[in-house]
Each structure stands twice: as structure tokens, then as C-alpha cells.
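Okay, so here's the structure we're looking at.
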Amino acid sequence: MSVAEERLLSELKNIRKDHKFLYFARPLKQIPLNDSKHKNSKQKTIMSWICGFPGPSTELYKNSYFYLKLDFNERYPFYPPRVTFTRPVYHPNVYINNGVCLDVISHKWKASMNVMQIISAVQHLLEQPNSSSPANTTANNLYVKYKEKYKKKVRENILKEHSIFPWSEKNVWKDLI
């Protein structure tokens, strides 16, 4: 088993042990890692995760729930995973392909970071955009110059894409299955 796989298994055990209400993080496919029938898919199983978390506790993000896909590579934890939202997000630091532009998962990455810290950092980014490093310049311009228009667009996006809770995953998973 690689260093990345061992680390991710350890993180999965810790997440299960210290479960936070309304948060989840787990490998995308639930194939047992010791199942010889799925030996070739072992790496893919533990290396792609789905995560869910409530939006920030502000009026703007009221009743929102977000899903992330984390794609790890063999160099994890020394290199960060690729982090993408599963549904479109209107935000200055989210690319058109739903990728997240965040310093702690790029140039400020530390091997000590873990999955729950990534989720927490993304949750914080939703509430506090980094206008000096925009991924979506249109959203960034609204955020900087026209706050009310920005809030309206964010709220519309939330109502369309993220106004659900984890027990109602049907629409969120359709792109992943």
C-alpha cells in the first residue's frame, strides 16, 4: 500500500471516529480495500472522495449544502488533491469547471493538512472570497464593485444548485454516477 493510500485510510478512520454533524467525507466508491476481486480498482477507490458540508452560517448561504469531489494522487500528502464542486458555484474563487482556487490547496499546501481541513477552508472561502486571486473575474468584479448584485447572483445559484440537504442527494449525485 502506498503512502497516499495509508494516509487516506488513516484520515477515513479519523473522520468516522470524530464525525461532525451534517459533514461527511468518504471515498467515492465503497469497494472494500482488501477485496481481491477489485484489486485493480483499489487505488481509484481510495483516491477519489466525495465530501459534503453545510454552507456558511450567514443569511446569504442560508439552507445551503455543498458537495466537493477530491481527487488525490500518489504524491499525497506531499501534494494537494484536486478539489472541485460537484455542482456549479457562483463565486470569485471557483473556476468555470467548478475547480476551487484556494491558496491552501495550491502554493500554501502543507503535508499536515487533511480532508476535514480542506472542507473547512473551502467553507470559509465561500464566506470570505479572496478578491486578489480570482478564478471567475465576472463574479469578482460584482463582489468588489456591486455587492448587492453579487449577493443576488449567489443567492440565485444557491436556490438553483445547493438548496438541499445530505438526505436528499438524488440531484447532486446524478453527475457522478
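Structural remarks
- Scanning segment 55-83 for residues that are surrounded by 15 or more Cβ atoms within 10 Å (Cβ to Cβ) and within 21 Å of K20 (Cα to Cα) yields G55, P56, Y61, S64, Y65, F66, Y67, L68, K69, L70, V83.
- All of V104, V154 fail the test of being modelled with pLDDT of 95 or more, surrounded by 13 or more Cβ atoms within 10 Å (Cβ to Cβ), touching a Phe, Trp or Tyr at 6+ places or on another chain (Cβ under 7 Å) and β-branched (V, I, T), apart from V154.
For every residue, the table says whether it meets (1) within 28 Å of R16 (Cα to Cα); (2) small (G, A, S).
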site: T86; (1), (2): yes, no
site: H91; (1), (2): no, no
site: C101; (1), (2): yes, no
site: K110; (1), (2): yes, no
site: N114; (1), (2): yes, no
site: S133; (1), (2): no, yes
site: L142; (1), (2): no, no
site: K147; (1), (2): no, no
site: Y150; (1), (2): no, no
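- Output for segment 62-88, where each listed residue is part of a loop (DSSP other than H, G, I, E, B) and either of a type in the set (K, R) or touching an Asp or Glu at 6+ places or on another chain (Cβ under 7 Å) (or both): K62, R75, P81, T86, R87, P88
- Residues that are among the aromatic types (F, W, Y) and either part of a helix (DSSP H, G or I) or closer than 28 Å to L8 by Cα (or both) within segment 111-165 comprise Y143, Y150, F165, listed in sequence order.
- Checked against (1) buried (at least 17 other Cβ atoms within 10 Å of the Cβ); (2) part of a helix (DSSP H, G or I), G52 meets all criteria but (2).
- Residues of segment 1-24 that turn out to be over 16 Å from Q117 (Cα atoms) and not in a helix (DSSP H, G or I), as a count: 2
- The residues of segment 75-94 that are closer than 19 Å to Q117 by Cα and of a type outside the set (A, V, I, L, M), listed by number, are R75, Y76, P77, F78, Y79, P80, P81, R82, T84, F85, T86, N93.
The values are calculated or read from the model by the stated rules, or taken from the named source; none is laboratory data. Everything quoted here is computed from the prediction, not taken from an experiment. As a convention, Cβ positions derive from the backbone with ideal geometry for all residues, glycine included, and neighbour counts pool all protein chains shown.
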